[in-house]
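Bear in mind these aren't lab numbers, they're just calculated from the coordinates by the rules spelled out. All figures in this text were calculated on a predicted structure; none of them were measured in a lab. Note: ideal-geometry Cβ built from the backbone for every residue, glycine included; neighbour counts use all protein chains shown.
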Amino acid sequence: MGVSVWRTPSFLFIIMGLFIVAIMYAVYVIARFYDSVEVLVISESAVIIIILSIGNIIIQSVEQIARANKIKSEFVTIASHQLKTPLSQMNWELEILLSKYKSGLTEKQLEIIKIIQRSHETMARLVNDLLDVARIDQGRFVLNKEKVNLLEIIDMIVEENSILAKASNVKISVIKPEKIPEITADKKRIGVAIDNLVSNAVKYIDKKGVVEIKVEADGKNINVYVKDNGVGIQEDQQDKVFQKFFRSDNAVKYQTEGTGLGLYISKNIIEQSGGKMDFKSIEGVGSDFWFSLPIS
Ligand code: ADP
């Protein structure tokens, strides 16, 4: 956390509490034996000095933790930015290799290039997610708001996820009205949030399954539900779902790939757009993630 255990605020608060109880008892004992105002004033002053001293250490520790967090966040930003350039170059070189020399490559060589491309995509996504997390933590996560039609975004995302869904034996169905009112939001970022919910729903289905996306407008908000009959999330871990880097134990068993950053970023996107995101889940039965966004 940036400070040693004995300087953490929670530890210091316990010590301060114990001190106060001990000193109050001592004052009580002293007051019983010495009927003197001076003794009482001196003991009360001692209590105040001790409380102020421990309070001061607590403030310093909190400042040190805040400084350490800031440095950590800045380190993530710098490291991720530095990784962006070689990653773009790698992608560029692979594109050239495929466009210019594809005909001269063997099946095996093409297969290897595809594997490198997939690894590149995973790394690029991780770097982008880390940059977004650092921006959120530093209060620099800016949304470019415009008029958005959620139905168009959802159609595009279903299309993009259909290949993975087909390969995983998952059927995606969409229940939506013909038309919905527009919302004011960052089109790209809202797309990221919806894609995360849909791709998670597909990803965390163990065998064959169904993902149901439902869109409805209730006059004030547009509500989007993404329901699956997948592995679900254990009840005792559900309060951590929107925390950074959280991955449930059962999800790790089924899906080794994942960073635990998607939902943290998605919830931030929805909340910064004026909406809400939450979920219900039963282990072994499935999950129902939803968000609502205000109509413009
Ligand atoms: P990632 O999927 O990369 O691990 P996310 O932030 O998107 O990260 O999700 C965090 C965790 O929440 C996942 O690792 C998984 O444990 C759980 N989770 C999210 N969506 C679902 C879902 N539809 N079904 C079951 N578990 C889920």
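For the residue pairs K84/K108; K179/K220; K147/K176; K102/K188, the alpha carbons lie more than 24 Å apart in K84/K108; K102/K188.
Computed from backbone phi, the HN-Hα couplings of region 169-174 come to 6, 10, 9, 9, 10, 10 Hz, rounded to whole numbers (Karplus: 6.51 cos²θ - 1.76 cosθ + 1.60, θ = phi - 60°; Gly and Pro given as x).
By other beta-carbon atoms within 10 Å, ranking W290, W92 with the fewest at the front produces W92, W290. Here the translational diffusion coefficient of region 124-214 follows from Stokes-Einstein with Rh set to the Kirkwood radius across Cα pairs; for 20 °C and 1.002 mPa s it amounts to 146 µm²/s. Put simply, the Cα atoms of the chain extend 98, 49, 39 Å along their principal axes, the longest span coming first. Scaling against 2.2 N^0.38 Å puts the C-alpha radius of gyration of region 1-141 at 2.10. Comparing L105, I51, V21 along the charge dipole axis of the chain, the residue lying farthest to the positive side is L105, per the Cβ-charge model.
Pairs of Cα atoms in region 146-294 fall into 5 Å distance bins, from 0 up to the last occupied one, in shares of 2, 10, 20, 24, 21, 14, 7, 2, 0 percent.
Quick one: in region 230-296, what % of C-alpha pairs are over 14 Å apart? Of all Cα-Cα distances in region 230-296, 61 percent exceed 14 Å. If you average the C-alpha positions of region 219-296 and of region 156-201 separately, how far apart do those two centres end up, in angstrom? Centre-to-centre distance over Cα atoms comes out at 14 Å. Dipole magnitude for the chain: computed about the Cα centre from +1 point charges on Lys and Arg Cβ and -1 point charges on Asp and Glu Cβ, it is near 680 debye. Cβ crowding within 10 Å ranks D288, D239 as D239, D288, fewest other Cβ atoms first. Whole-Hz Karplus values for region 203-209 come out as 5, 9, 9, 5, 10, 7, x Hz, taken residue by residue from phi with 6.51 cos²θ - 1.76 cosθ + 1.60 and θ = phi - 60°; glycine and proline positions read x.
For K253, which lysines qualify as cross-link partners when the Cα separation must be under 16 Å and same-chain residues fewer than eight apart are set aside? Leaving aside lysines fewer than 8 places away in the same chain, those within reach of K253 are K203, K207. Only helices enter the 222 nm calculation for the chain: every DSSP H run of n ≥ 4 contributes -39,500 (n - 2.57), and dividing by all residues gives -20500 deg cm²/dmol, rounded to 500.
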